[in-house]
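The structure under discussion appears below in the form of structure tokens.
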Amino acid sequence: MARYIVLLLLCYISLPVFASSPVASPRIIGGVTSQNDELPWQVYLNISFPNDGTYVCGGVLVAQDVVLTAAHCLQNGGLIADAADIKVWGGISSIFSATSRNALSVSSRIINTNYNASRFSNDIAVLKLRSPAPDSAKPILIATQDQQERADLAFRTNYTQGGNNPANLLVSGWGSTSVNGSSGSSSLQQTLLTGVPDNICSNQWGAGVTDGEANIFVCAISPSPLVVRDSCFGDSGGPLVWQDPLRASDPDFGLRLLGLVSFGDGCASSLPGVYTEVLPFVGWINGLTTNSLLAVSTPALSIDPFAKDYSNAGTDIAVPSTDNISGSDGGGSVGILVILGLFSLAMKRSRAAV
């Protein structure tokens, strides 16, 4: 993709609606705009498929040359994107900052061999970068077993279904910002959600998230039924972050990666969004990257994103009705028009009813 100048104008396109299994969707609804250096682990991805356009996803830097994203971002029907067809940008908050000069090339992409495209289980992929991300991009630490267990305990202890809950998870991305999935954002958006206990998520999703698979998923929803917040079309593969209260005074404010945006029931519905839990894949990631995660030190961050003012985030969006859009089971089609007419981009998504 020579002369890859990404100057994008967001356009509004209707999404097709299908009743089927979960479908991938990346985006933030009810968010606030990120500051330039606030979420330095967030990356922006463009994935091209021969004769089928270029798609947008999120990702997360877990080592200076290793990015995690959703497996479904790299597949489009029977097509699988080659490493040469994936471009990565790190250390940016606006897509207008993404140019051919600061694009990072991918040397290899590995989709988890147990990825199930019909259920979105094991929805994770590793991207090895040809060169390290710039200094403005910083990796985030993945939650340890102890931290994951304490996060799960907090979700079980503090969650009230249908009530007001603590805002204990952070999600971010450049995806759609409206409930019907019609538009994306040129600026990185972030919002706070609440963690949903595995058993409640399994019960609500039924066949979509079974108890036997609960340990590879993290579920999250808006902290209040009166506040509309969610990830959505265009946010797929992006990070779900928890703050460890025992590490809040550390240089990284105790921020830990728990999950990657995977699927949901449309966007901002009454069902929790479902995220791939990253911890079970740490050994797999290290095996593919010569133990790169072991060499990552605690990053020094200048901003605690959990301390940001989210009081109005999502309060100005009408609460969706129960017959809200259910999504699509194909590749993304939230269109983004490229100025200069170089190519078309669409947001990959995996959010639909089971």
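Where a number appears in this text, it was derived from the coordinates with a stated rule and is not lab data. Values in this document were obtained by computation on a predicted structure and should not be read as measured data. Ideal geometry is used to build each Cβ from the backbone, glycine not excepted, and the neighbour counts take in all protein chains shown.
Compared with the direct C-alpha span, the chain from THR113 to ALA248 gains 45.0 nm at full extension, assuming 0.36 nm per residue. Between SER105 and THR157, the simple label model (points 7 Å from Cα in the Cβ direction) yields a spacing of 5.0 nm. Taking the Cβ-Cβ separation of SER131 and ASP309 as r and a Förster radius of 41 Å, what is the calculated FRET efficiency to the nearest 0.05? Efficiency, rounded to the nearest 0.05: 0.65.
Farthest towards the positive end of the charge dipole of segment 206-279, among the residues SER249, PHE263, THR276, is the Cα of SER249, using unit charges on the Cβ of Lys, Arg, Asp and Glu. Spin-label pair LEU294-VAL319: with each label point 7 Å from Cα along the Cα-Cβ axis, the two points sit 5.1 nm from one another. As a proxy for reagent exposure, ranking TRP89, TRP242, TRP174, TRP284 by other Cβ atoms within 10 Å from fewest up yields TRP284, TRP89, TRP242, TRP174.
Listing TYR159, TYR44 from the residue with the fewest other Cβ atoms within 10 Å to the one with the most, what is the order?
The most exposed by this proxy come first: TYR159, TYR44.
Neighbour counting of Cβ atoms within 10 Å sorts the residues PHE49, PHE233, fewest neighbours leading, into PHE49, PHE233.
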